Amino acid sequence: MSYAIKEMFLTLQGEGVHAGRRAVFCRFTGCNLWSGLEKDRASAICQFCDTDFVGMNGDGGGRFSDATALVSAAESVWGAPTDRRFIVLTGGEPMLQVDGKLITALHEAGFEIAIESNGTLEVPRTIDWICISPKAGSETIQRSGDELKLVWPQSDSDWNAMQDWDFPNLLVQPMDARGDDALSQANLTSAIAFVQANPKWRLSLQTHKILGLA
């Protein structure tokens, strides 16, 4: 199986429990909740995505012929030191492409694997860190993992039921309003109020944007 990658680069994980950790970010092309094209946003299930996952023209992007080729590229991006290798598989929706061969090859190369998924497809437990970010209007199949990250506000999200899913870490993250600073601030204020009212949850910020990282 080949893999279509939008971009792959070295950064610090910006969100969630692993925020601040050195990481290879591997962004897969494609998503099952939005085409990635602005003309389709209004009719998409997920209308607030702030990520470009269309094509293979980003830094480190391209089509990789097999798992060995992709892992070799990830090793090159990681560079030195070679210990504590950590890779984040994201998208789009990475589970449209991630398979057992890639997971095995990454583990054999010494990578700890994290994934960020919308939860509409099953995620194998052989992945070390499973972060699910459910989207209102979609069916969340994957209701267990390590981290549940709810982008806020989503008026139709049944967040109360989500508290009973099998995740030890519940996080709420203010929605990026894509250039509308006033709305972004309002979403942050709302997310803080949510956490104050619901102490099972913690606040997650997009620290990579605050730091000016990719």
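Just so it is clear, none of the values below were taken in a lab; they were calculated from the coordinates. Remember, predicted model here, so these are calculated numbers, not experimental data. Counting neighbours? That spans all protein chains shown, and the Cβs are built from the backbone with ideal geometry, glycine included.
A compact table of results
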{"quantity": "Ascending count of other beta-carbon atoms within 10 Å, so fewest first, for K39, K101", "calculated": "K39, K101"}
{"quantity": "Linear extension gain, A69 paired with K209, 0.36 nm per residue minus alpha-carbon span", "calculated": "47.4 nm"}
{"quantity": "Likely footprinting exposure, H107, H18, fewest C-beta neighbours within 10 Å first", "calculated": "H107, H18"}
{"quantity": "Share antiparallel - DSSP beta bridges, the chain, percent rounded to 5", "calculated": "30 percent"}
{"quantity": "Relative contact order (%) - criterion: Cα under 8 Å, at least six apart; region: the chain", "calculated": "19 percent"}
{"quantity": "Length added when fully stretched, S190-D59, from 0.36 nm per residue minus Cα-Cα", "calculated": "43.7 nm"}
{"quantity": "Which of M162, M8 has the fewest Cβ neighbours within 10 Å, and the rest in rising order", "calculated": "M162, M8"}
{"quantity": "Qualifying chymotrypsin sites (Phe, Trp or Tyr not before Pro) for the range 58-97 [loop in DSSP, other Cβ within 10 Å: at most 12]", "calculated": "none"}
{"quantity": "Environment charge at K200 (Cβ cut-off 15 Å; Lys +1, Arg +1, Asp -1, Glu -1)", "calculated": "-2"}
{"quantity": "Inter-label distance for E122 and T104, nm, one decimal - labels placed 7 Å from Cα along Cα-to-Cβ", "calculated": "1.8 nm"}
{"quantity": "Estimated inter-spin distance, M1 and R143, nm [label 7 Å along Cα→Cβ]", "calculated": "2.5 nm"}
{"quantity": "Percent of C-alpha pairs per 5 Å bin, the chain, short to long", "calculated": "1, 7, 15, 20, 21, 17, 11, 6, 2, 0"}
{"quantity": "Cα gyration tensor shape for the range 1-73, rounded if a/c is under 1.5, else prolate or oblate", "calculated": "oblate"}
{"quantity": "Tensor-based shape of the range 120-193 (alpha-carbon gyration tensor, a/c under 1.5 rounded, otherwise prolate or oblate)", "calculated": "prolate"}
{"quantity": "Where labels lie 7 Å past Cα in the beta-carbon direction, separation of A197 and T51 in nm", "calculated": "2.8 nm"}
